[in-house]
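What follows draws every value from the coordinates through simple rules; no lab data is involved. Since we're looking at a predicted model, the values are computed, not measured. Here Cβ is always computed from backbone atoms with ideal geometry, including for glycine, and neighbour counts include all displayed protein chains.
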Amino acid sequence: MQLPAVLAPLALSVVASVACAATVPKAELDRCKLGVADGNDAYTVRQGAACGRVAKRLADDEQPGAALAYARKACELEDAPGCVEYLEIVRAQQASIASEELQRARVAGEKACSGLVIASEGADARPLVCLRTAELYMDVSPKSPEDAGRMYVRACKLGDERGCAHARTLGLDTEDHVASSSSKPARNAPAVAQPLPAPTGRVTTVVSPQPAPACHEMRPCVSLDLQQRNVTEVVGSIANRCDRAVTCTWCPVHAGAVDKTQCRKATLAAGESRAGRDAGLWYDGFDAMAYDCMDAADDKGCLGM
């Protein structure tokens, strides 16, 4: 079961250089700024992915300063390529990057490395994110080889040999981590299962535990976009882009703390969207929302909140 995503609304101001950059499509920019509230139903790209694309275009156009904010937002919206772009921009701009931005990038990288990131085209993006986060600790002052080692070990545990090699260079033992992520049998393991000894004396009835319910994580194809209003109000819009009905739960967040006493739940049909106060997507006194979604046919215990 994945951890619930936590989204925070960001300022909707547009960098001046972006507004006049012919290389950034308007639909892409609008989706990044407004999410599904942009009203463009024909544009099916997620908000985070749109921000990541804007950042990539600006970075390729040698505008890293303008790209930084969009890459950061993409990463906070769990877009894997956007996270990688964000970490690479911060590392490349280390001579001029603010200490607050460096810390923000490290925190975002750690969260994404731990699993709060949407896979890119079906591939697990976490190993590369872990490596890029390790580089921020290893190469950018103030440096922290210990934290870099943690990130390299995580990458190694996820099956990336580069992470293993870097971790070993730092004197860390990666043997257990490699074994835990490998599909190969452990060394000296028996080729076949050994038979159980024959029962002696009285026969004991063994009751098999009930299997855990099958859970289908649907959050990657459900978008929750937020806007901040009147300083204290946070308003959301949720859209089900999955091929089936989903059940979602969302809760308000303040200063990183989730208030589970005010969570709300709804079932959305495929293609259905909801928004605003009438849909329960409005809170006062909070600055973000956390959410999780599952197949509507799953056991209710599958939800991570």
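Within a Cβ distance under 14 Å of Val253, other residues only, what is the Lys/Arg minus Asp/Glu net charge? All intermediate terms of the calculation are to be shown ahead of the outcome.
Numbers: positive: Lys111, Lys260, Arg264; negative: Glu76, Glu233, Asp259, Asp284, Asp287, Asp292.
Computed value for this residue: -3.
Based on the mean of other beta carbon atoms within 10 Å per residue, what is the order of 151-160, 29-38, 80-89, most packed first?
In descending order of packing, they fall as 80-89, 151-160, 29-38.
Taking 26 Å as the straight-line reach from the Cα of Lys260, the lysines in range (excluding those fewer than 8 positions away in the same chain) are Lys73, Lys111, Lys300.
Under a Cβ-Cβ cut-off of 12 Å, what is the net charge of the residues other than Ala92 that fall near it, where Lys and Arg count +1 and Asp and Glu count -1?
Residues near Ala92 contribute -3 overall.
Seen from Gly163, the other residues with C-beta closer than 12 Å to its C-beta sum to a net charge of +4, counting Lys and Arg as +1 and Asp and Glu as -1. Give the share of C-alpha pairs in each 5 angstrom bin for the stretch 219-302, from 0 to the last occupied bin, in whole percents, shortest bins first. Here the calculated profile for the stretch 219-302 is 3, 16, 28, 24, 17, 9, 3, 0.
Distance between the pseudo-spin-label points of Ser273 and Ala255 (7 Å out from Cα toward the beta carbon): 3.5 nm.
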